[in-house]
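Asker: I'd like to ask some things about the structure below.
Nothing in this text is a laboratory measurement; each read-out follows from the coordinates by a stated rule. Every value quoted in this text rests on a predicted model; they were computed, and no experiment measured them. Cβ placement follows ideal geometry from the backbone for every residue including glycine, while neighbour counts extend to all protein chains displayed.
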Amino acid sequence: MKRAISGRLTAGVIAMAGALVLAACGSPAQDSRAVAVGEPETTATAAELAGTIWVANEDGGTLSAIDVATSSVVATVEGVDSPHNVQSSPDGATVWAVSGHKNAVVAIDAETLELRGTQATGPGPAHVVISEDGSRAYVTNSGDATLSAYGTADLAPLGTVGLSEGPHGLRGTADGATLVVANTGAGTIDVVDTQAMSVRASIPVGASPVQVAVEPGGRYAYVSLAGDSAVAKVDLEERAVVATVDVPSAPVQLYLTADGETLLSADQGSEAAPGTTVSVIDPTDMSLTASIMTGSGPHGVVIDPTGVMAWVTNLYDDTVSVIDLTTNRAVATVPVGDKPNGISFSAVPMPGSAPSRARVEFPDYAAAAPGSDDAHGDGHDDDH
């Protein structure tokens with residue numbers, strides 16, 4: 001019996017000042033074996049972790065499910081054209097993704113890999129996130145600069161609000177009352193009241209903001225600035241940038257540990273000059289405390305709730321790096337699909353009964369709007 005649905009940049013980022021375009025690499029990697037990197041130095045806590053890492057392979061049109069315990073791909077979902085971003089629901093029962101080519105948000109049963117529901121988005125959906133209570137899904141639409149809300153139980157549309165140019169990555173406060181959205185084209189973050197579905201503030205932050213992280217108390221947000229190769233700290237009450245730190249290459253996604261004490265930045269760079277590091281940042285004083293080697297073009301990043309392990313998608317070599325945060329070392333590399341972008345952690349392991357491969361079918365909502373499949377709002381199609 002199916003459970004009720006309950007209730008996470010892109011390959012191309014706008015860099016208005018620097019004309020930074022982040023493109024896909026070559027052929028997909030289909031091998032699901034984990035490749036050891038160096039001599040793993042894992043702690044007992046890390047070894048005891050269980051769960052599933054979900055990866056959106058944008059050019060491959062697939063989602064990969066990586067088993068946390070074995071660092072191997074255990075399931076692949078096909079048919080999600082241009083899945084720019086993926087997000088596990090808080091209870092791990094549902095996997096959410098956007099389809100950039102079909103202007104759709106989809107919900108997939110994490111156990112059976114069957115489609116649980118789908119709904120039309122605005123043009124160029126970029127990211128989807130789920131509220132902390134699991135009741136709402138939010139999607140940024142880069143093509144028309146809007147944010148759409150949906151009920152997770154039935155995917156019923158709950159409203160749309162206009163945002164600044166090029167809305168992309170977003171995350172919410174713990175109480176669910178506020179969403180913070182990075183607007184790559186406008187150089188701002190928008191602060192959204194989720195109940196009123198209205199913009200409270202639009203705060204200038206720097207060149208090409210891609211993704212945000214919000215500290216547990218909701219006072220500060222952190223923003224990756226691809227155009228500045230920096231990460232900014234923003235006081236949401238004062239509505240101003242209060243500190244920045246430079247990182248080695250243009251950053252894309254950010255992620256905070258649950259206690260708010262460590263911030264990771266995936267420093268992707270560009271295809272011509274790819275980055276190979278994740279920066280470890282102290283969010284209190286915005287100092288760079290460590291630099292962790294990854295694959296080519298680290299893009300998406302997620303941390304497990306205990307703060308022990310992290311996973312990073314490597315855009316230009318079609319892999320995921322598994323990182324032990326107790327040693328700040330990559331301990332394994334997992335080949336996934338073509339151009340891995342978004343990534344999400346679920347504490348629920350894939351059951352042994354789950355299929356290793358499945359395909360979902362859903363309507364092409366973009367068919368009536370040619371040219372609206374640009375999930376980055378930068379005028380560049382990703383199929384190149």
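Asker: What does the highest-first list of 153-166, 118-131 look like by mean Cβ count within 10 Å?
Answerer: The densest-packed peptide leads the list: 118-131, 153-166.
Asker: I've got another one for you. Rounding to the nearest 20 debye, state how big the charge dipole of the range 200-245 is about its Cα centre with +1 on each Lys and Arg Cβ and -1 on each Asp and Glu Cβ.
Answerer: 80
Asker: Under a Cβ-Cβ cut-off of 10 Å, what is the net charge of the residues other than V231 that fall near it, where Lys and Arg count +1 and Asp and Glu count -1?
Answerer: Net local charge, V231 excluded: -2.
Asker: Quick one: check the C-alpha center-to-center distance for the range 75-146 versus the range 286-364, whole angstrom.
Answerer: That distance is 17 Å.
Asker: Could you work out how much longer the chain between E132 and T70 gets when fully extended? Use 0.36 nm per residue separation minus the Cα distance between them, nm to one decimal.
Answerer: 19.5 nm
Asker: Follow-up question, since we're still on this one. Binned at 10 Å from 0, what are the whole-percent values of the Cα-Cα distance distribution for the range 200-312, short to long?
Answerer: Calculated over all Cα pairs of the range 200-312, the distribution is 16, 51, 28, 5 percent.
Asker: To continue, here is another question. Which ³J(HN,Hα) values in Hz, rounded to whole numbers, follow from the phi angles of the range 196-206 under the Karplus curve 6.51 cos²θ - 1.76 cosθ + 1.60, where θ = phi - 60° and Gly and Pro get x?
Answerer: Taking θ as phi minus 60°, the curve returns 7, 6, 9, 8, 7, 7, 10, 10, x, 10, x Hz for the range 196-206.
Asker: Compute the separation of the alpha-carbon centres of the range 157-178 and the range 196-247 and state it in Å as a whole number.
Answerer: Taking the Cα centre of the range 196-247 as reference, the centre of the range 157-178 is 14 Å away.
Asker: Cα-based Rg (one decimal) and Dmax (whole number) for the range 35-350, in Å?
Answerer: Answer for the range 35-350, Rg first and Dmax second: 17.6, 52 Å.
Asker: Roughly how many nanometres apart are two label points built 7 Å out from the Cα toward the Cβ at T160 and A347?
Answerer: It is 3.6 nm.
Asker: Ratio of the range 166-234's C-alpha Rg to 2.2 N^0.38 Å, to two decimals?
Answerer: Cα Rg divided by the expected 2.2 N^0.38 Å: 1.00.
Asker: Taking loop as defined by DSSP and a crowding limit of 10 other beta carbons within 10 Å, which trypsin sites (Lys or Arg not before Pro) in the range 61-142 fit?
Answerer: none
Asker: Would you kindly state how much longer the chain becomes between R359 and A240 on full extension, computed as 0.36 nm times their sequence separation minus their alpha carbon distance, in nm to one decimal?
Answerer: Result for the pair: 38.3 nm of gain on full extension.
Asker: For a Förster distance of 45 Å, can you work out the FRET efficiency between the beta-carbons of A201 and A290, rounded to the nearest 0.05?
Answerer: Efficiency computed from Cβ-Cβ geometry: 0.85.
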